[in-house]
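K.L.:
Handing you this structure, nothing more for now.
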Amino acid sequence: MIQTFYNVVDEAIASLGLNVEETKGDQPGQWNLKKGKFDIMVDVWEQEKQFLFQVICPLCTLPDDNKEGFMLHLLQKNYGLSSLAYAIMEDSVYLKYTTEMNLLTTENIVTLLTKTAFYAEQSAFVPN
């Protein structure tokens, strides 16, 4: 069953004109894409009898000064995002999207990957 979902992700990546084999990660269900200076990581896995899909794009680390103000800025920016959200884990800022894999089609995945790349490039707070 999970291989069927891997194939859907492979099809989406191929439709973006990328070589699927070059994007595959170390483990089955992992892909690593590049858009400019950004890494876009895709994962599909099984958890508690559900198959999950996730896109994560690391953007930057939290600033040393005014962390609270920066986090408020991210929360306010989340309001304008479609599907994705800014998230913080430890001291890093990410764009993130997670859902059940069975809800997605190849076209949905292409849209999510395209949005992730677009929002990453539009994140003015990311250092050059």
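Values quoted throughout were computed directly from the atomic coordinates according to the rules given, and no laboratory measurement underlies them. Just so you know, these numbers come straight off a predicted model, no measurement behind them. All Cβ positions, glycine included, derive from the backbone under ideal geometry; neighbour counts span all protein chains shown.
K.L.:
Using a Cα-Cα cut-off of under 23 Å, which lysines could be cross-linked to Lys37, ignoring same-chain neighbours fewer than 8 residues away?
P.N.:
Lys24, Lys77, Lys96, Lys115
K.L.:
Please rank Val8, Val126, Val93, fewest neighbouring Cβ atoms within 10 Å first, as an exposure proxy.
P.N.:
Values: Val8 18, Val126 14, Val93 22.
So the ranking, lowest neighbour count to highest, is Val126, Val8, Val93.
K.L.:
By how many degrees, 0 to 90 and rounded to 10, does the Cα axis of helix 67-78 deviate from the longest principal axis of the chain?
P.N.:
Rounded to the nearest ten degrees, it is 50.
K.L.:
Shape verdict for region 1-72, please, from the Cα gyration tensor: rounded (a/c under 1.5), prolate (a/b greater than b/c) or oblate. Kindly include the intermediate steps, with their values, before the conclusion.
P.N.:
On the way: a/c = 3.21, a/b = 1.68, b/c = 1.91.
Taking the square roots of the gyration eigenvalues as a ≥ b ≥ c, region 1-72 is oblate.
K.L.:
Here is a follow-up. With r as the distance between the Cβ atoms of Ile88 and Leu16 and R0 = 22 Å, compute the FRET efficiency 1/(1 + (r/R0)^6) and round to 0.05.
P.N.:
So, using R0 = 22 Å, E works out to roughly 0.20.
K.L.:
Tell me, Asp64, Asp43 in order of fewest to most beta-carbon neighbours within 10 Å?
P.N.:
Values: Asp64 7, Asp43 16.
In increasing order of surrounding Cβ atoms, one gets Asp64, Asp43.
K.L.:
Hey, another quick one. Relative to the Cα centre, what is the charge dipole magnitude of region 1-101, using +1 at the beta carbon of each Lys and Arg, -1 at the beta carbon of each Asp and Glu, and rounding to the nearest 20 debye?
P.N.:
It comes to approximately 320 debye.
K.L.:
For Asp39, Asp10, which order do you get if you count the other beta carbons within 10 Å of each Cβ and list the fewest first?
P.N.:
Details: Asp39 13, Asp10 17.
Ascending number of Cβ neighbours within 10 Å: Asp39, Asp10.
K.L.:
To the nearest 500 deg cm²/dmol, what mean residue ellipticity at 222 nm is calculated for the chain from DSSP H runs of n ≥ 4 alone, each contributing -39,500 (n - 2.57), summed and divided by the residues? Can you show the working numbers first?
P.N.:
On the way: 4 runs with 47 residues, N = 128.
About -11500 deg cm²/dmol.
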